[in-house]
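For reference, the structure is listed below as structure tokens.
Read-outs: derived from the displayed coordinates by stated rules, not from any lab. In this text, all values refer to a predicted model and were calculated from it rather than measured experimentally. Positions of Cβ are backbone-derived with ideal geometry, glycine not excepted, and every protein chain shown enters the neighbour counts.
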């Protein structure tokens, strides 16, 4: 009898945080170009996509109000319309899937005229 292969997600000790925008910040513009800056401790951004998973190596996925807007490194510029917004960043493995546990950071900001 052969055991079924198990596919476990890699773990990481990395931590992700927003440097910019700051929690509750108001950004002016209609639409505004939001400068996103993230800090990643204990992880490394790599430019390749691979099925060879290495703990602590991956990419950043950036979501504005729940929609994926960027797959990038630690810096991005994204447009945002007037109003309140939620920005979520996730450090994912090189196959674009989450680490276990997930490495997430969230911030809310407002765009005003």
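Descriptive notes on the structure:
- Considering only the Cα atoms of the chain, their convex hull presents on average a projected area of 7.6 nm².
- Ascending count of other beta-carbon atoms within 10 Å, so fewest first, for 95, 41: 41, 95
- Simple spin-label estimate for residue 106 and residue 74 gives 2.4 nm between the two label positions (7 Å along the Cα-to-Cβ direction from each Cα).
- Ranked by the mean number of other Cβ atoms within 10 Å of their residues, highest first, the peptides 10-18, 64-72 fall in the order 10-18, 64-72.
- Here residue 9 and residue 39 are evaluated by their C-beta separation; at R0 = 30 Å the FRET efficiency comes out at 0.85.
- Each of 27, 33 was scored by other Cβ atoms within 10 Å of its Cβ. Arranged with the fewest first, they read 33, 27.
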